[in-house]
Amino acid sequence: MGASDAVASLSRPFPPPPPAPSRKREGGSLKMVAHSGLITVMDRAARKAAPRLRRDFNEVQQLQVSRKGPADFVSMADRRAEETIYEELKKARPDWGFLMEEAGEIEGDPNKPRWIVDPLDGTSNFLHGLPHFAISIAVEEPRPGGGRGEITQGLIYQPLTDESFWAEKGRGAWLQDRRLRVSARRELPDALIATGIPFLGHGNFKQWSAIFAAIAPEVAGIRRFGAASLDLAWVAAGRFDAFWESDLKPWDVAAGMLLVREAGGFVSDFRGGDKAMERNEFFASNDGLHTKLHKLMANGLRGI
């Protein structure tokens, strides 16, 4: 497929969300395989915020034709979801700190973990009535001596499909009670890649264009869905074979990076190193494609 075909794929009509998987319910929450109590806490918090987000999403679809417009309404929906999640997590672990999209950093005991929360990843999709957004929650353990900690638990919940992707360090990645593995594809012509496109001064468009021009002619397709947390969850689930984007925040990627790694994939910066957070460059893929895609990426970046 040529680059023009890949560009066209970015602008095709938005696909319907996937059907929710079969699942068992106990007391209104999902019955999952053995995991720490933190996953239960995170899942409960996300599910408590979800009904209001679903109602708000239905409402915002009606506001598309209003004179006022839906932007202020969506901002309130984002804050309400964050407040609900904050209250649930705070109740479970009163001395933990927070890093959240809306409220920013809320200090806790420096010797305890902190929560990293994005209450509505995919806000622009939500704003335009596109059914592709998620709640992302991660746990960051402190490192001795300070500095950026280690992500040990992560959960990404899609309110409209009722899909709960979660991972714990050393325990694998899961979709509800089904173990996740990255895709087994090894050949570039079979690969479907996700990305995020720089916009309105966010990100390096020249860099993104160079990578796109290098990768697009070699792969089956490139998709831009607009929610980095779900892009990473879908790499972990084998729906996408790889993902790249820059200029993301910790709450966008913390849970998703753990999911990919626990599903057997790799996450690196654009140079192939382990400084994705530090460089704000995120490249995730399965083990069979990582080296091939990185080589294409490096060739593209060499020209800028």
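Please treat every number below as a calculation from the coordinates, not as lab data. None of the values given here were measured: they were computed from a predicted structure. For neighbour counting, all protein chains shown are included, and Cβ atoms are generated from backbone atoms with ideal geometry for every residue, glycine included.
Centre-to-centre separation between the Cα atoms of segment 123-187 and those of segment 260-303: 18 Å.
For segment 95-138, GluC sites (Glu not before Pro) are listed when DSSP marks them as loop and at most 13 other Cβ atoms sit within 10 Å of their Cβ; the list is Glu107. Other residues with beta-carbon under 12 Å from the beta-carbon of Lys292 carry, at +1 per Lys or Arg and -1 per Asp or Glu, a net charge of -2. Label-to-label distance for Arg179 and Asp287 is 1.4 nm, based on points extended 7 Å past Cα in the beta-carbon direction. Seen from Arg79, the other residues with C-beta closer than 10 Å to its C-beta sum to a net charge of -4, counting Lys and Arg as +1 and Asp and Glu as -1. Annotation for Asn299 and Leu200: the two label points, set 7 Å from Cα along the Cα-Cβ direction, are 3.6 nm apart.
Of the peptides 186-193, 171-178, 232-239, the ranking by mean beta-carbon count within 10 Å, highest at the top, reads 232-239, 171-178, 186-193. How much net charge surrounds Asp109 when only other residues with a Cβ under 15 Å from its Cβ are counted (Lys, Arg +1; Asp, Glu -1)? Local net charge: 0.
If each residue of separation counts as 0.36 nm, what is the full-extension length gain between Lys112 and Glu278 once their alpha-carbon separation is subtracted? That works out to 57.5 nm of additional length. Summarising the label geometry, the points placed 7 Å from Cα in the beta-carbon direction at Glu83 and Asn58 lie 2.2 nm from one another.
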